[in-house]
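Written out below as structure tokens is the structure these notes cover.
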């Protein structure tokens, strides 16, 4: 029998291969695989039939975290891990311009973990849920042979007219991003460096003043505040997703799904000063980290040029470029005006 | 720091400890942790507010399967595993008297698995979805350090008036179960015995004529047909769940949540002839297997005595006892009239 290594396809290739030809049969399924969330219309019962409500939609997203792949418990506190595992799901709901409402939490737990460990993990999940107003409504808890597995599924709601998909970017739209990019990645580099050194006292010294980098990696927040600001300003993005795999990779998703190209500017990328300083110290190119680092959980979206005046008034929001014709491709304009094609070098779960 | 082994609490103790004091904050959450599914009312938008629809409900359930704990790939074909992983979720939706509509599929995949392996697994999930009319709407696919992890979350719908919870059993209600019990467990015993012998030719001989036992273990079905028969007969159960951990354990859940006791009769338990024969051959007590075996995915439910005449006309449905006052406890009446207290010896995920 033939044996094809999954690494030859990568995560997105595998997903395409497995789900590329899926055709929904349920009338309630409006959007299946291919965006930050699935979108359902569960309608209401009229007589014996379920009718579309034409207004309210249910969103669904899911995320799995595996020990040794997504996290290293040598430096990730269990409470932070639980918090992050919940928040990354909320981030996907916000990335559709929805509101997260319920989660289920599946845990696979090896004998290495005590009740106190799992309570710490769960306390983090619960804290995130409290902060974002989300209910834990179920889950499955079981033993595992090795390591810790966390699989969370999140539901959310949105009005039909508010939902923002990945495929709505139009020619000349502005490309915006919240917060800053590459910081979570630099936090990870710092944690990994000190782990290899293995000296706790030295690590404490190294971490001093860099708490923000660590927080971005260990305890990210979902940008609900940005959506609120956009709503207040009367701006609805044309396309949106959250930055989990890296800016380049996400931007290329928006462009390919919208059938457009893009142009972003190196000198417009929002970069944190501490992250840049650490990158220099570690001989890393901070722009590469910003483009491909991943785990920022910032919002990346496109807006009509008409919204420019409103956008520039919103705090912690940065216009980094614009949408072009598809034949232009996806490009970065460097500080000296040079043009570089973007590459989806984002985190590849099946890389070697 | 204190270290309490999780095995001292067991799965249900752990769940209670982690989620016992959860209080939903979302108005859409009607039922959280504690039944086969969570129940949500996403309502509809009226002006700027979300109003209850008073009729349609969304159900949510989730299940995680871990290699080495829930399945052994030495004898479980990947396609069957995918099928089963989906069906056990559908079974939970049916156990609320709902209809499954969408699933998300999370896979953690180690390097041991090829693309062809994962395609076989996914083909099983897809086949189950086709048969039950369910859409795959998302998922997360990532590498794992060791082994295969499958985490599926399922949504379903039900009219409010149709939903059956675990807590509605009333004094004198009849206790019913579909199909037969202990068969999936005997299928597992057979597979395990031949695995240990390790002789493929001998295994083929041993399996001959026992295909039904293997199918019950490897490729169970959810009892949608029983719900249809009940609907046609005009019977609505008062309490219901599916038998995944074993009859005793499930019945004790219904009784404790309904605040009642129960009495079931050994000679009424539906037992497959082949399963009984194999149990005898393997020196196992088939009644113990039926009570505690688990993974039958049959429906266990209670009905008003008034429905007796209707129930006895339904094929593959068995009345095994009745609901008593709580002070009676949960008891089995043996073939010689002896009374035995039921024990929740069902499969304990954290047992040693």
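The values are calculated or read from the model by the stated rules, or taken from the named source; none is laboratory data. Computed from a predicted structure; not experimentally measured. Glycine gets a Cβ as well: all are built from the backbone with ideal geometry, and neighbour counts include every protein chain shown.
When residues of region B:329-344 are filtered for being in contact with a helix residue (DSSP H, G or I) (Cβ under 8 Å, 6 or more places away or on another chain) and assigned to a loop (DSSP other than H, G, I, E, B), how many remain?
Number satisfying all stated conditions: 5.
For the structure I just gave you, tell me whether residue A:153 is outside the structural domain of residue A:310 (by TED's automatic domain parsing) and at pLDDT below 95.
no
For region B:155-173, how many residues are away from chain A (no Cβ under 14 Å), over 16 Å from the mean Cα position of the chain (by Cα) and surrounded by 22 or more Cβ atoms within 10 Å (Cβ to Cβ)?
Final tally of qualifying residues: 2.
Only residues that are facing chain A (nearest Cβ under 8 Å) and at pLDDT 90 or above: list them for region B:41-68, please.
Within region B:41-68, B:58, B:60, B:61, B:62, B:63, B:64, B:66, B:67, B:68 qualify.
Please enumerate the residues belonging to region B:30-40 that are assigned to a loop (DSSP other than H, G, I, E, B) and surrounded by fewer than 22 Cβ atoms within 10 Å (Cβ to Cβ).
The answer is B:32, B:33, B:34.
Please count how many residues of region B:256-286 are surrounded by 15 or more Cβ atoms within 10 Å (Cβ to Cβ) and either out of contact with any strand residue (DSSP E or B) (no Cβ under 8 Å at 6 or more places or on another chain) or not assigned by TED's automatic domain parsing to the domain that holds residue B:183 (or both).
So the count comes out to 11.
Of the numbered conditions (1) in contact with a strand residue (DSSP E or B) (Cβ under 6 Å, 6 or more places away or on another chain); (2) more than 7 Å from chain B (Cβ to nearest Cβ), residue A:183 fails exactly one; give the number of that condition.
Failing condition for residue A:183: (1).
Can you go through A:323, A:319 and tell me which one is surrounded by fewer than 20 Cβ atoms within 10 Å (Cβ to Cβ) and within 23 Å of residue A:231 (Cβ to Cβ)?
A:319
Go through (1) buried (at least 24 other Cβ atoms within 10 Å of the Cβ); (2) within 30 Å of residue B:239 (Cβ to Cβ); (3) touching a strand residue (DSSP E or B) at 6+ places or on another chain (Cβ under 7 Å) and name the single condition residue B:84 misses.
(3)
Does residue A:79 satisfy the criteria of being modelled with pLDDT of 95 or more, assigned to a helix (DSSP H, G or I) and either facing chain B (nearest Cβ under 8 Å) or more than 19 Å from the chain's Cα centre (by Cα) (or both)?
It is true that residue A:79 is modelled with pLDDT of 95 or more, assigned to a helix (DSSP H, G or I) and either facing chain B (nearest Cβ under 8 Å) or more than 19 Å from the chain's Cα centre (by Cα) (or both).
Condition first: within 13 Å of residue B:179 (Cα to Cα) and in a helix (DSSP H, G or I). Now tell me which residues in region B:283-299 satisfy that.
Across region B:283-299, the qualifying residue is only B:290.
Scan region A:248-266 and tell me whether some residue there is farther than 28 Å from residue A:37 by Cα and touching a residue at least 40 places away in the same chain (Cβ under 8 Å).
Checked region A:248-266: at least one residue is farther than 28 Å from residue A:37 by Cα and touching a residue at least 40 places away in the same chain (Cβ under 8 Å).
Could we say that residue B:127 is crowded, with 24+ Cβ neighbours inside 10 Å and either more than 18 Å from the chain's Cα centre (by Cα) or at the interface with chain A (Cβ under 7 Å from one of its Cβ atoms) (or both) here?
no
Just a yes or no: is a residue in region B:201-210 touching a residue at least 60 places away in the same chain (Cβ under 8 Å), in the same structural domain as residue B:243 (by TED's automatic domain parsing) and in a loop (DSSP other than H, G, I, E, B)?
yes
Can you tell me which residue within region A:1-11, out of those that are touching a strand residue (DSSP E or B) at 6+ places or on another chain (Cβ under 9 Å) and without any contact (Cβ under 8 Å) to a residue 40 or more places away in the chain, is surrounded by the most Cβ atoms within 10 Å (Cβ to Cβ)?
Among those residues, the one meeting the criterion is A:4.
Name the one entry in A:109, A:118, A:69 that is touching a strand residue (DSSP E or B) at 6+ places or on another chain (Cβ under 8 Å), under 22 Å from residue B:109 (Cβ atoms) and surrounded by 21 or more Cβ atoms within 10 Å (Cβ to Cβ).
A:109
Listed here are the residues, each with its yes/no results for (1) surrounded by 13 or more Cβ atoms within 10 Å (Cβ to Cβ); (2) part of a loop (DSSP other than H, G, I, E, B); (3) at pLDDT 95 or above.
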site: A:301; (1), (2), (3): yes, no, yes
site: A:309; (1), (2), (3): no, no, yes
site: A:327; (1), (2), (3): no, no, yes
site: A:350; (1), (2), (3): yes, yes, no
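I'd like the full set of residues that are within 7 Å of chain B (Cβ to nearest Cβ) and in a loop (DSSP other than H, G, I, E, B), limited to region A:1-29.
Hits for region A:1-29 are A:1, A:2, A:3, A:4, A:9, A:22, A:24, A:25, A:26, A:28.
Suppose we filter region A:256-272 for residues that are assigned to a helix (DSSP H, G or I) and under 22 Å from the mean Cα position of the chain (by Cα); how many remain?
The total comes to 5.
Check residue A:224 against each of (1) within 23 Å of residue A:322 (Cα to Cα); (2) at pLDDT 95 or above and name the one condition it does not meet.
Among (1) within 23 Å of residue A:322 (Cα to Cα); (2) at pLDDT 95 or above, residue A:224 violates only (1).
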